[in-house]
1. Of the numbered conditions (1) hydrophobic (A, V, I, L, M, F, W, C); (2) in a loop (DSSP other than H, G, I, E, B); (3) over 19 Å from the mean Cα position of the chain (by Cα), residue 474 satisfies every one except a single condition; which is it?
2. Among the residues of the range 420-437, are any more than 14 Å from the chain's Cα centre (by Cα), surrounded by 15 or more Cβ atoms within 10 Å (Cβ to Cβ) and in a strand (DSSP E or B)?
3. If we keep just the residues of the range 397-419 that are farther than 22 Å from residue 303 by Cα and charged (D, E, K, R), which is surrounded by the most Cβ atoms within 10 Å (Cβ to Cβ)?
4. Out of the residues in the range 477-493 that are among the hydrophobic types (A, V, I, L, M, F, W, C) and in a loop (DSSP other than H, G, I, E, B), which is surrounded by the fewest Cβ atoms within 10 Å (Cβ to Cβ)?
5. Output the residues belonging to the range 394-419 that are of a type in the set (D, E, K, R) and part of a loop (DSSP other than H, G, I, E, B).
6. Looking at 136, 144, which is the one that is in a loop (DSSP other than H, G, I, E, B) and either of a type in the set (Gly, Ala, Ser) or at pLDDT 85 or above (or both)?
7. Can you list the helices (runs of 4 or more DSSP H) lying wholly within the range 197-315 that have 3 or more residues being within 19 Å of residue 418 (Cα to Cα) and at pLDDT below 95?
8. Mind listing just one residue for me: the one in the range 63-113 that is aromatic (Phe, Trp, Tyr) and within 24 Å of residue 418 (Cα to Cα) and, of those, modelled with the lowest pLDDT?
Amino acid sequence: MSKIYLFLVLIIVGATSCGDFIEEYSQNLSYVNTMDDLEETLLGGGYWVYTKGGAENYLYFLIAMDDDVAMASISHSESTVGYRLRRFFTWQVEPWATDDDNDKMYGTDKCWARFYERIAVCNSVLNDVERFKDDERYSQIKGEALFLRAFYYFYMVNIWGEPYDKNTAGVKLGVPLKTFPRIVDLDFSRNTVGECYQQIVDDAEAAVGYLEGIYPSSTKRVGVQAARALLARVYLYMGEYENVIKYCDEVLDDVRNLAVLDLNTVSVDDYHDILKEEDCPEDIFTATSGLTLRGSSGYRFTVSDDLVECYQEEPGDWRWRGGNEDCHFFAYDLRSGIPIYSRIQIDAATYLFVGYGLSFPEVYLNKAEAEAMLDKAGDAINTINVIRTRRIENPTSIDGLSGEDLVKYIRRERRRELSFLYHRWFDLRRYAVAPKYPEAMTVEHVWEAEESDLANGTYVLNPYPEDGGWVLPFPSHVLEDNHGALVDNVRPARNPIN
């Protein structure tokens, strides 16, 4: 019965059209008869699982927009990832896929739908799980659904909403919230950023309670550590630093099998083998995975010079280590010598998988940043040194740093540790509105092509909030299907400066 039911649910979700974006993704799981049915539904429809060819699952476009990535113009090819993401790379008014089938694979407008499909499953699971309160899995399933809904809304509000600023959160717009399972015939408008974050916090805090004592053996499923780590991240974005420290400490006081691997003693090959395991000690939750953004020819995403310089601040940093075969974090192209976009070393013919989610090193970074923002310099230095001593051979002392200098150092360390793991774009946005030591940054990308619908040259994204390019517009079908009730984000027209 459960397998038949799950098959039917996946058909419904998979066949959903783009119209009425929230209503049609709302499923009433009326065929749920057992907790097994409900658990299979959550695992098959609530979790963001890898599907071959489903590029909308990977959120590649987030990385194409930040300052860690550059483009190597080698030869023109419309089939390469870099070309397909060109409108994100240059922050165009309409970055989503056109009618060009090649573009649709990676410059996909399906991500919005995929988020709401999964949120709809979570809503239905949360409704139906109340029928099974006596089942021993009740708390775990409810906690997982609450966590996933919070996790998805976190990404949605940071993609389509304004960055969180407590002074404007009650006015600035986020995304539409829907937390009930029934289908309703109405047009949805956007909730405020503050309302979105409050929903995320409420769900994640409830998830911590329901997931107490749950420590899954695979990082593809969430437990109490994931809920704690998510709360720490969300509170960091909100500038509630005491709560950041609170939830980071709850993780660090109960690490179980979590660890920051010491790159001084773990070889490159061993490190990469460990990263591929579902019980990798550096991962708390791996939300999804996808192919590295690497093309065998044509346009390739590469590590920006600015990021390389960030790693070169200390010569013994194993994460970069000259960007060659001895580098733990980055691939090395054996044919051209260009450090290609990848957080796992690969040879010229091999593609490995990378994911996004919640990592154990992030917990230390979040805590250190919160301590520094609270002017607890000694504590912050001790915390960040847990990362530094395991990533850098003979790291220099940073004991003299404090105040803004220390905060900016920790931000750079965060950039080094979490590069290309879907953090940097969000971090650049939140730094611009940080309650202390705000940094509103300019990003420049150079686009060169033999043939393209974009002019060659340097494209500039000016600082937030001066430039509307820091918030993505809604896919056109979403606006059309919601009959004008959804206020779009307006981006300026953008051409190269030279």
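1. With (1) hydrophobic (A, V, I, L, M, F, W, C); (2) in a loop (DSSP other than H, G, I, E, B); (3) over 19 Å from the mean Cα position of the chain (by Cα) applied to residue 474, the lone miss is (3).
2. There is no residue in the range 420-437 that is more than 14 Å from the chain's Cα centre (by Cα), surrounded by 15 or more Cβ atoms within 10 Å (Cβ to Cβ) and in a strand (DSSP E or B).
3. 405
4. 493
5. Result: 399, single match.
6. From the options 136, 144, the qualifying one is 136.
7. Values: elements: 224-238, 241-252, 268-275, 305-311.
It comes to 268-275, 305-311.
8. It comes out as 106.
The values are calculated or read from the model by the stated rules, or taken from the named source; none is laboratory data. From a predicted model like this one, the values you see are computed outputs, not experimental measurements. Using ideal geometry, Cβ is built from the backbone for each residue, glycine included, and neighbour counts are taken over all protein chains shown.
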